[in-house]
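Right, one structure below, let's go through it.
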There are 2 protein chains.
Amino acid sequence: MSSQVTIKDIAKALNISASTVSRALKNHPDISRETKDAVNELAAKLRYKPNAVALSLKNSRTNTIGVIIPEVVHYFFSSVISGIEDVAYEAGYNVMVCQSNERYAREVINAQALDSNRVEGALISVSKETHDFNHLMSLEENGMPIVFFDRAPEGLDVDKVIIDDRKAAYNATRHLIETGCKRIAHLAAPLTLGIASERFEGYKQALKEYGIPFNEDWVVVADSFELAGDATRNLMHLPSPPDAIFAVNDMTAIGAMKTLQRMSIAVPQKVAIIGFSAGFFSDITTPTLSSVDQHGYEMGVEAAKLLLERIEKPAEGKHKTCYIDTHLVLRESTRRKS
Amino acid sequence: MSSQVTIKDIAKALNISASTVSRALKNHPDISRETKDAVNELAAKLRYKPNAVALSLKNSRTNTIGVIIPEVVHYFFSSVISGIEDVAYEAGYNVMVCQSNERYAREVINAQALDSNRVEGALISVSKETHDFNHLMSLEENGMPIVFFDRAPEGLDVDKVIIDDRKAAYNATRHLIETGCKRIAHLAAPLTLGIASERFEGYKQALKEYGIPFNEDWVVVADSFELAGDATRNLMHLPSPPDAIFAVNDMTAIGAMKTLQRMSIAVPQKVAIIGFSAGFFSDITTPTLSSVDQHGYEMGVEAAKLLLERIEKPAEGKHKTCYIDTHLVLRESTRRKS
């Protein structure tokens, strides 16, 4: 029967040593990805079963990294996950993802689940509702290394991989100014979220530097495809409507674009638009959407690398902040000059 | 210190009984979502720590459901996850998601991870490369209930929640015929994947019923945004190019649309296009994309409900197949008549 398949059987079939098979099954870093794949495939096919009790006593590791993200549906977060997975699988770890759905209470449950599932480290981007971080910090106090990415707790000493949101927003706004826009609106996320207030600051800084007065009527908290519709209609009905929109993310930018088109307002001729994320979405709209590329994949790679470092060797005192570069992807929605 | 916070402290602060707090912390089904949220929030804030050893001896459950999907970036799969989560959280379970990235070897590792993380049940949609299902079936043999969704193993007696892919593809193709298209191409997924061959059969069946000869030059295996580009260019350079494209998913349909537009071929006037999934994407393109709505959210809801049933009470012999209805969402990309 299947339970009688041994490591030796697998080794013989693949013409490799039993110790290689054994290490491959344990995802040992010395064994190549190819060999691990071959061993795992054959082990699955032959229904090889390790002596589970012995194994769990000897090796209580789960080789799993937990990830908590706000929403998987955002292209940005799915790019980050790809980066995390490529590093993790290469190093013999599996990745499990939990969604907070932007809710604090669910994030608390996610954190408990990472704990009770005994993952070996966590990569976390906090929800919009999260202002208290005890549920996350207590994981670290219990010995589970944590690296935050994109959205990190303000003012706490933690390991994090982030972008310079203020600079990226400054660059996006400056680009609108340089293409001739003078009345620039900003569709923002709730300003209690650190990245949202940073982007708002970058927007204001660009206006200031170019001597454009700040008009608070042109700043609206609207950070989804749905919310962008009303916000854009209201903006365009102002006595002095904007000639450009800088949106806090691509979904919001596309919601604004679709609304303007429904109002027969030409993009970019009447209103230029720039988003934030440069996801797959931004390339399929007509006109295509200019956006800030946050390099989600690289953010995932760097966050996973830092976490694996911490799993091997806990941080001694000082935590690390790693910045990922951003750049503007200029497409049709801001092409006013030509 | 924080370790001295007890269940009684939490009960007192919230003015509820200690037994309610205790059951809320265990996600007991008798306790309302609101109470659980309040208790969990306060417990996190006060850094309440249960006696971990006692708890794990008494209650070795993880209250976690594992999900294995091909790719999180597909809108369809993220809708399914939302449905799964809404049911699971309501019932006091957390959800952890693993991606196979359409690779068999990674799916094997995902399955091992669900096992070693002791999840209580699994919801699985298999990768394109998976033709052998031992790694999944052995989870069930080891006592972990499994429900497959969307992509289920062919010819095995399993619990599954699926759509009638053949009928949905038949309806999509028939719609193209009814709008006057006569030369209908099909961009397919690899036909070794069950849902791909079912959709191909549905396409052929519609042609046959309407007396349109099947032309194998018009069937190309191309199932991504990138692959659709070359496939569409080749199709349009045939001596007799198609006047419509039925694509196996929305990403592929949008890749075809963008390519046709780059070739200055009008959609839908010269070539009509219909996709499959009716995700968020299909509503933001110009023209908007007609598509088959697979109701991913409901699929997730039904799959999670069936799994929870199996966790409470294992299947006795007979497994269940549950069908989710589909319907056509008609948008601009097939609007030729008006």
Among B:Ile274, B:Ile212, B:Ile69, the residue with the largest mean-square fluctuation in a Gaussian network model of chain B built from Cα contacts under 10 Å is B:Ile212
How long are the three semi-axes of the equivalent ellipsoid of the protein assembly as shown, in whole Å, if each is the root of 5 times an eigenvalue of the C-alpha gyration tensor, listed from largest down?
-> 40, 36, 23
Roughly how many debye, to the nearest 20, is the charge dipole of chain B about its Cα centre, given +1 on each Lys and Arg Cβ, -1 on each Asp and Glu Cβ, and no other charges?
-> 700
Taking placed amide H atoms and a strict 5 Å upper bound, the residues 5 or more places from A:Ala185 or on another chain that come that close are A:Asp243, A:Ala244, A:Ile245, A:Phe246
Let me know the mean shielding of A:62-75 by other chains, meaning the per-residue number of their Cβ atoms within 10 Å of its Cβ.
-> 4
Past the 31 Å Cα-Cα mark, which pairs from A:Lys320/B:Lys45; A:Lys36/B:Lys128; A:Lys128/A:Lys305; A:Lys36/B:Lys318; B:Lys208/B:Lys270?
-> A:Lys36/B:Lys318
Short to long, in 20 Å steps from zero, the percent of alpha-carbon pairs of chain B per bin is 29, 45, 21, 5, 0
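Starting with the fewest neighbours, write out B:Leu193, B:Leu176, A:Leu328 ranked by other beta-carbon atoms found within 10 Å of each beta-carbon. The partial results should precede the final answer.
Details: B:Leu193 23, B:Leu176 28, A:Leu328 17.
Exposure proxy ranking, most exposed first: A:Leu328, B:Leu193, B:Leu176.
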At B:Glu216, label 7 Å along Cα→Cβ: distances to the other copies, nm, ascending?
-> 7.1
Candidates A:Ser32, A:Ser127, A:Ser290: whichever shows maximal mean-square fluctuation once chain A is modelled as a Gaussian network with Cα springs under 10 Å | A:Ser32
Kindly state, as a whole number, the per residue volume in cubic angstrom of the convex hull around the alpha carbon atoms of segment A:169-214.
-> 61
Using only helices, what value at 222 nm comes out for chain A when you add -39,500 (n - 2.57) per DSSP H run of length 4 or more and divide by the total residues, to the nearest 500 deg cm²/dmol?
-> -13500 deg cm²/dmol
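Provide A:Phe200, B:Phe280 in ascending order of the number of other Cβ atoms located within 10 Å of each residue's Cβ, fewest first.
B:Phe280, A:Phe200
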For B:95-103, mean number of other protein chain Cβ atoms within 10 Å = 5
Enumerate the amide H contacts of B:Phe148 below 5 Å, restricted to partners 5 or more residues apart or on another chain; note that Pro and chain-start residues carry no placed amide H.
-> B:Ile124, B:Asp159, B:Lys160, B:Val161
Copy-to-copy label separations for A:Asp164, where each label sits 7 Å from Cα toward Cβ, in nm and ascending | 5.9
Can you work out ³J(HN,Hα) from phi for every residue in segment A:238-244, in order, using Karplus 6.51 cos²θ - 1.76 cosθ + 1.60 and θ = phi - 60°, giving whole Hz and x for Gly and Pro?
-> 5, x, 10, x, x, 10, 7
So what is the relative contact order for chain A, in percent, with contacts set as C-alpha pairs under 8 Å and at least six apart?
-> 17
To one decimal in nm, how far is A:Arg61 from the same spot in the other copies, if labels go 7 Å from Cα toward Cβ? Please give the shortest first.
-> 3.1
Placing +1 on each Lys and Arg Cβ and -1 on each Asp and Glu Cβ in the protein assembly as shown, then taking the dipole about the Cα centre, the residue among A:Pro314, B:His135, B:Ala18 whose Cα reaches farthest towards the positive end is B:His135
Highest-MSF residue in chain A out of A:Ala256, A:Ala278, A:Ala43 [GNM, Cα springs under 10 Å] | A:Ala43
Could you tell me how many degrees, from 0 to 90 and to the nearest 10, lie between the Cα long axis of helix B:165-178 and the main elongation axis, the longest principal axis, of the Cα atoms of chain B?
-> 40
Distant-in-sequence amide H partners of A:Thr64 (H built 1.01 Å from N, under 5 Å) = A:Asn94, A:Glu120
Ranked list, fewest to most other Cβ atoms within 10 Å of each Cβ, for B:Met251, A:Met236 | A:Met236, B:Met251
Against the longest alpha carbon principal axis of chain A, how many degrees, from 0 to 90 and to the nearest 10, is the axis of helix A:75-90 turned?
-> 20
Express in whole angstrom the spacing between the alpha-carbon centres of segment B:154-220 and segment A:216-242.
-> 44
Against the longest principal axis of chain B, how steep is helix B:250-262, in degrees 0 to 90 to the nearest 10, with axes from Cα atoms?
-> 40
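Using a 10 Å cut-off on Cβ to Cβ distances, tally the other chain neighbours for every residue of A:81-87 and report the average as a whole number.
Neighbouring Cβ atoms belonging to other protein chains average 2 per residue here.
Read the figures in this text as sums done on the coordinates, not as results from a lab. Remember, it's a predicted structure, so these values are computed and weren't measured experimentally. Glycine gets a Cβ as well: all are built from the backbone with ideal geometry, and neighbour counts include every protein chain shown.
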